[in-house]
Amino acid sequence: MTQQATPTTRGASRPRVFISAAHKSSGKTTLTLGLAAALTARGLAVQTFKKGPDYIDPLWHGMASGRRCYNLDFHMMTRDEIDARFAVATETAGLSLIEGNKGLYDGLDLDGSNSNAALAKQLRAPVVLVIDARGMTRGVAPLILGYQAFDPEVKIAGVILNQLGGSRHESKLRAVIEHYTAAQVIGAVQFERQLQIAERHLGLVPANEADAARARIDKLAESVAAQVDLDALRAIADTAPGWTGAARAADVAVGVRPRIAIAQDAAFGFYYGEDLDQLARAVDLVPFDTLRDRVLPDVDGLIIGGGFPEMFMDALSDNAPLRADIRRRIEAGLPAYAECGGLMYLSRSLEYQGRRRDMVGVVPGDTRMHDRPVGRGYVRLQPTGEDRWNETAVIPAHEFHYSSLDNLPDDTRYAYRVLRGHGIDGSHDGYQVHNLLAGYAHRRGSGAQGWIEPFLNQVRSHKSGLGAQTQSIHSRGLS
């Protein structure tokens with residue numbers, strides 16, 4: 001991650017802009033990246049946020065701004081938690097960019113209560129609307145007028161025209177907007193194929209995997225700075241009202257800090273920034289590389305998040321010493337938590353594009369990739385009562401996997417019943433064996449239904465049990 005810019009925050013004003021669009025795939029992610037990098041290059045401390053469940057875009061945003069990006073999501077966070085997360089993250093920021101998902105008014109509910117517009121209103125953030133202008137001329141006017149009129153409480157303060165076909169196209173659009181609307185055009189970005197970030201079945205290629213990510217971001221910054229009025233953007237951000245919500249105090253770790261191994265490499269890197277912050281306050285995180293390290297470090301627990309193990313199946317399989325050590329340690333009782341890609345890695349085998357490779361094998365099932373998503377969208381999980389974490393409340397989560405886990409034994413013990421979503425078999429998720437919990441659902445680690453607290457309770461309990469067992473052995477040896 002790049003060096004963090006010097007904070008330039010002005011009291012509690014918290015300048016902020018919500019970057020949204022009329023529909024998905026309008027280019028708002030690449031524009032947000034370019035804006036974050038261009039403003040950071042000017043010496044501004046830029047804090048980025050991403051609405052909704054997304055791991056990949058925040059990796060890029062973090063690289064562009066030099067500051068960790070945070071997710072804001074109505075499904076997995078209460079409104080108070082969203083306010084608190086925003087307050088904490090923006091304390092030292094000079095300007096915040098909140099990137100929406102899909103279109104400005106899109107959302108699950110008919111009333112728009114979980115839409116981008118709802119989040120913009122809650123954060124009292126002026127909106128800059130990104131318009132994919134390909135093939136559009138006079139029609140841009142009713143689009144802008146309709147979006148402004150649909151919800152008068154949403155302040156659409158500026159427009160960025162994107163994917164333009166040339167200077168003539170830009171001139172026509174500007175003339176139409178000036179004639180029919182009062183919208184302020186703060187940018188007009190020409191289509192540049194070389195600036196498009198490569199895509200894959202789950203979205204943008206992760207920044208922790210793309211070798212040329214930094215060079216691409218720098219190029220985006222240069223292009224955006226030349227085609228968007230950054231001073232106008234900052235002026236819009238300054239119109240946001242002062243932030244009155246107090247920042248919530250950080251959690252304080254108590255007692256001995258356990259050591260937790262966490263997979264962070266090209267194959268695995270899907271972790272929410274807020275969760276990494278909370279873990280770092282409570283434990284000593286020990287990153288390890290599943291592609292290169294031959295053994296696990298000496299730790300009290302193990303975390304393997306999501307990622308793209310199918311893209312690295314050869315290297316993962318070839319690293320037999322690490323696979324064997326992980327299996328041995330989990331079978332010996334090491335508390336472990338794995339999500340989606342982590343579950344795939346811990347399974348017996350992984351099959352993709354006609355090839356099959358051995359994986360860790362501690363989960364007695366076989367992972368098979370498909371051409372279409374098997375599970376996609378928001379999830380709700382009900383603990384079965386047999387889960388090792390003793391959870392009781394319904395758990396909000398999300399999933400996005402193209403794989404299935406086949407050939408599990410009939411007597412498999414699951415931690416959750418799936419109330420919404422697919423999970424492992426359409427009805428259950430959360431495979432359990434020894435002290436391992438592994439599932440397809442991606443959960444938020446923080447908050448009332450987060451996975452961090454119950455996992456760390458399991459780690460501490462196991463560590464205490466080992467200590468008591470060692471003490472008993474020593475006592476018998478001395479008697």
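Can you name the residue in region 306-330 that is surrounded by fewer than 18 Cβ atoms within 10 Å (Cβ to Cβ) and hydrophobic (A, V, I, L, M, F, W, C) and, of all such residues, is nearest to Tyr272 (Cα to Cα)?
Among those that are surrounded by fewer than 18 Cβ atoms within 10 Å (Cβ to Cβ) and hydrophobic (A, V, I, L, M, F, W, C), it is Met311.
Kindly indicate the residue of region 108-123 that is of a type outside the set (D, E, K, R) and without any contact (Cβ under 8 Å) to a residue 12 or more places away in the chain and also surrounded by the fewest Cβ atoms within 10 Å (Cβ to Cβ) among those meeting that condition.
Only one residue tops the list, namely Leu110.
Please work out which residue is nearest to Arg85 (Cα to Cα), limiting yourself to region 124-136 and to residues that are surrounded by fewer than 24 Cβ atoms within 10 Å (Cβ to Cβ) and at pLDDT 95 or above.
Taking the candidates together, the pick is Arg124.
Is it the case that region 84-93 has a residue that's surrounded by 19 or more Cβ atoms within 10 Å (Cβ to Cβ), hydroxyl-bearing (Ser, Thr, Tyr) and not in a helix (DSSP H, G or I)?
Among the residues of region 84-93, not one is surrounded by 19 or more Cβ atoms within 10 Å (Cβ to Cβ), hydroxyl-bearing (Ser, Thr, Tyr) and not in a helix (DSSP H, G or I), which makes the answer no.
Might you let me know whether region 404-422 holds any residue that is of a type in the set (Ser, Thr, Tyr), within 26 Å of Val459 (Cβ to Cβ) and in contact with a Leu (Cβ under 7 Å, 6 or more places away or on another chain)?
yes
Going by what's in this entry, would Ala266 be described as within 19 Å of Arg444 (Cα to Cα) and either of a type in the set (A, V, I, L, M) or at pLDDT below 95 (or both)?
Criteria not met by Ala266.
From (1) at pLDDT below 85; (2) closer than 21 Å to Ala38 by Cβ; (3) touching a strand residue (DSSP E or B) at 6+ places or on another chain (Cβ under 6 Å), pick out the condition that doesn't hold for Ala213.
So the condition that Ala213 fails would be (3).
Would you mention how many residues in region 425-478 are over 30 Å from the mean Cα position of the chain (by Cα) and modelled with pLDDT of 95 or more?
0
Scanning for something under 26 Å from Leu296 (Cβ atoms), in the same structural domain as Leu334 (by TED's automatic domain parsing), among the polar types (S, T, N, Q) and under 19 Å from the mean Cα position of the chain (by Cα), does region 365-376 turn up at least one residue?
no
It is to be established whether one or more residues within region 8-23 are in a loop (DSSP other than H, G, I, E, B), more than 21 Å from Asp238 (Cα to Cα) and modelled with pLDDT under 95.
Looking for residues that are in a loop (DSSP other than H, G, I, E, B), more than 21 Å from Asp238 (Cα to Cα) and modelled with pLDDT under 95, one finds at least one in region 8-23, hence yes.
Pick from region 56-76 the residues that are over 12 Å from the mean Cα position of the chain (by Cα) and surrounded by fewer than 20 Cβ atoms within 10 Å (Cβ to Cβ): which of them is nearest to Ala280 (Cα to Cα)?
Checking each candidate, the answer is Gly66.
In region 124-147, how many are under 14 Å from His23 (Cβ atoms) and charged (D, E, K, R)?
2
Limited to region 94-103, what total is found for residues that are surrounded by 23 or more Cβ atoms within 10 Å (Cβ to Cβ) and within 18 Å of the chain's Cα centre (by Cα)?
Of the residues in that region, 5 qualify.
Could you check region 334-356 and list, in sequence order, the residues that are over 18 Å from Tyr55 (Cα atoms), touching a residue at least 12 places away in the same chain (Cβ under 8 Å) and either among the aromatic types (Phe, Trp, Tyr) or out of contact with any His (no Cβ under 7 Å at 6 or more places or on another chain) (or both)?
Across region 334-356, the qualifying residues are Leu334, Ala336, Tyr345, Leu346, Ser347, Arg348, Ser349, Leu350, Glu351, Tyr352, Gln353, Arg355.
Taking strands (runs of 3 or more DSSP E) that fall entirely within region 367-422, which contain at least 2 residues that are more than 27 Å from Arg355 (Cα to Cα) and not charged (D, E, K, R)?
375-383, 395-401, 414-420
From the list Gly354, Gly341, Gly333, Gly377, which one is under 27 Å from Lys463 (Cβ atoms) and surrounded by fewer than 18 Cβ atoms within 10 Å (Cβ to Cβ)?
The match here is Gly333.
Of everything in region 407-427, what is of a type outside the set (Asp, Glu) and farther than 26 Å from Ala332 by Cβ? Give them in sequence order.
Listed by number, the residues that qualify are Arg417, Val418, Leu419, Arg420, Gly421, His422, Gly423, Gly426, Ser427.
In region 148-159, which residue that is in contact (Cβ under 8 Å) with a residue 24 or more places away in the chain and farther than 16 Å from Val17 by Cβ is surrounded by the fewest Cβ atoms within 10 Å (Cβ to Cβ)?
For region 148-159, the residue satisfying everything is Glu153.
Within region 239-258, count every residue that is surrounded by fewer than 16 Cβ atoms within 10 Å (Cβ to Cβ) and at pLDDT 95 or above.
Of the residues in that region, 1 qualify.
The values are calculated or read from the model by the stated rules, or taken from the named source; none is laboratory data. Bear in mind the structure is a predicted one, so any value in this text is a computation, not a measurement. Counting neighbours? That spans all protein chains shown, and the Cβs are built from the backbone with ideal geometry, glycine included.
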